[in-house]
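First comes the structure, then the notes that go with it.
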Amino acid sequence: MIRSLFDLTGKVALVTGAARGIGLETARLLAAAGARIALLDRDGPAVDAAASSLAAEQADIYAQTTDITDNAALANAFAATVARFDRLDILVNNAAVVQRRPAVEMTPDLWRKAMAVNLDAAFECCRLAHPHMARASSGAIVNIASIMALSGGGLYPIASYHASKGGMVNLTRGLAMEWGREGIRVNAIAPTWIKTDFNREFLESEGTEERLLASMPLGRFATTLDAAAAVLYLVSPAAAMVTGHVLPVDGGYLAH
């Protein structure tokens, strides 16, 4: 019974930003649960290397170099995934950009870039996934939000990330309400800081780690596996009655 609650055998999952970090760890864990995986990332050599590493673990993997802010390229990637696997059951919107700078230094172009990657592309991925999931009367979408989507932060300026990830949280709730009767569940996770290529340099800068860890009741950063395990739960049969939920993976940060 325990195995069946987390069994994804026969399911097809598409993961964006899948070449490294949370995306790659999520792909690895979903594959271990039996899913076939489409990896999307704009970094071609990195996503190909990720696919090779997962294939060596006996996973059924399809890698695509895709700029998710290009709607035509994104539509082609979804079509290619369905052509390859003949279905799409799971979507993980993981790709993101972050801009740590004061709001007064945020140019319109930088603001639009944050929205384009973190929010607009996530919506477009959901829109493209919808008909395939609706046809099967079943599907699970997980958006990778952030603790910054649910708090004002305050340790450093990051307004565009707050806004874009906050939008993703309410997009999650809105789509859960709209698509629930079609059998599609839409949830999000809100991870705390994780040392990945995405933010390692920042986290290891002088004094930063100590300040951030002081705000965490569990006293440690999260790992990519912590985040991926939450995604696995939300896309699995174990979460069959869970939709419209935002699950913090935050070591207690949001309990403040």
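Could you give me the residue pairs with C-beta distances under 9 Å whose first residue belongs to region 23-39 and is within 14 Å of ALA229 (Cβ to Cβ), whose second residue is part of a loop (DSSP other than H, G, I, E, B) and among the aromatic types (Phe, Trp, Tyr) wherever it lies, and which are 6+ apart or on separate chains?
Between residues of region 23-39 that are within 14 Å of ALA229 (Cβ to Cβ) and residues that are part of a loop (DSSP other than H, G, I, E, B) and among the aromatic types (Phe, Trp, Tyr), the close pairs are ALA33/PHE6.
Select from region 144-163 the residues that are small (Gly, Ala, Ser), in contact (Cβ under 8 Å) with a residue 24 or more places away in the chain and either touching a Phe, Trp or Tyr at 6+ places or on another chain (Cβ under 8 Å) or farther than 21 Å from ALA230 by Cα (or both) and list them in ascending order.
From region 144-163, those small (Gly, Ala, Ser) are 145-146, 149, 151-154, 159-160, 163; that's our starting set.
Now restrict to residues that are in contact (Cβ under 8 Å) with a residue 24 or more places away in the chain: 145-146, 149, 151, 159-160, 163.
Result: SER146, SER151, ALA159, SER160, ALA163.
At least 1 residues that are over 18 Å from the mean Cα position of the chain (by Cα) and farther than 23 Å from ALA35 by Cβ in each: list the helices (runs of 4 or more DSSP H) lying fully within region 199-256 that qualify. Show your work before the answer.
Working: elements: 200-203, 208-214, 224-235.
Helices (runs of 4 or more DSSP H) meeting the threshold: 200-203, 208-214.
For region 97-120, state whether one or more residues are modelled with pLDDT of 95 or more, closer than 23 Å to ARG28 by Cβ and small (Gly, Ala, Ser).
No - not one qualifying residue is present in region 97-120.
Could you please find all residues in region 1-22 being more than 17 Å from the chain's Cα centre (by Cα), part of a loop (DSSP other than H, G, I, E, B) and within 19 Å of LEU225 (Cα to Cα)?
So in region 1-22, the residues more than 17 Å from the chain's Cα centre (by Cα) come out as 1-11.
Applying the additional criterion that residues be part of a loop (DSSP other than H, G, I, E, B) yields 1, 6-11.
The answer is PHE6, ASP7, LEU8.
Taking region 32-74 as the search range and keeping residues that are buried (at least 18 other Cβ atoms within 10 Å of the Cβ), of a type in the set (D, E, K, R) and over 22 Å from TYR233 (Cβ atoms), which one is nearest to the chain's Cα centre (by Cα)?
Applying the filter and picking the extreme gives ASP41.
Residue-by-condition table, conditions (1) part of a helix (DSSP H, G or I); (2) within 19 Å of the chain's Cα centre (by Cα); (3) within 29 Å of LEU212 (Cα to Cα); (4) among the small types (Gly, Ala, Ser):
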| site | (1), (2), (3), (4) |
| --- | --- |
| ALA95 | no, yes, yes, yes |
| ARG112 | yes, no, yes, no |
| ALA122 | yes, yes, yes, yes |
| ARG127 | yes, yes, no, no |
| MET133 | yes, yes, no, no |
| HIS162 | yes, yes, yes, no |
| GLY166 | yes, yes, yes, yes |
| LEU171 | yes, yes, yes, no |
| GLY180 | yes, no, no, yes |
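Determine, yes or no, whether SER138 is at negative phi, surrounded by fewer than 23 Cβ atoms within 10 Å (Cβ to Cβ) and touching an Asp or Glu at 6+ places or on another chain (Cβ under 8 Å). Lay out the reasoning, then the answer.
Values: at negative phi: yes; surrounded by fewer than 23 Cβ atoms within 10 Å (Cβ to Cβ): yes; touching an Asp or Glu at 6+ places or on another chain (Cβ under 8 Å): yes.
Judged against the criteria, SER138 is a match.
Return yes when ARG101 is in contact with a Ser or Thr (Cβ under 9 Å, 6 or more places away or on another chain) and not aliphatic (A, V, I, L, M) and no when it is not.
Details: in contact with a Ser or Thr (Cβ under 9 Å, 6 or more places away or on another chain): yes; not aliphatic (A, V, I, L, M): yes.
For ARG101, the condition - in contact with a Ser or Thr (Cβ under 9 Å, 6 or more places away or on another chain) and not aliphatic (A, V, I, L, M) - is met.
Return the only residue of LEU5, LEU91, LEU14 being touching a helix residue (DSSP H, G or I) at 6+ places or on another chain (Cβ under 7 Å) and surrounded by fewer than 17 Cβ atoms within 10 Å (Cβ to Cβ). If you could, list the steps in order and put the result at the bottom.
Values: LEU91 fails: surrounded by fewer than 17 Cβ atoms within 10 Å (Cβ to Cβ); LEU14 fails: surrounded by fewer than 17 Cβ atoms within 10 Å (Cβ to Cβ).
None of the other options fit; the residue is LEU5.
The values are calculated or read from the model by the stated rules, or taken from the named source; none is laboratory data. For clarity, every value in this text was computed on a predicted model and none was experimentally measured. Methodologically, a virtual Cβ is constructed for each residue, glycine included, from the backbone with ideal geometry; neighbour enumeration extends over all protein chains shown.
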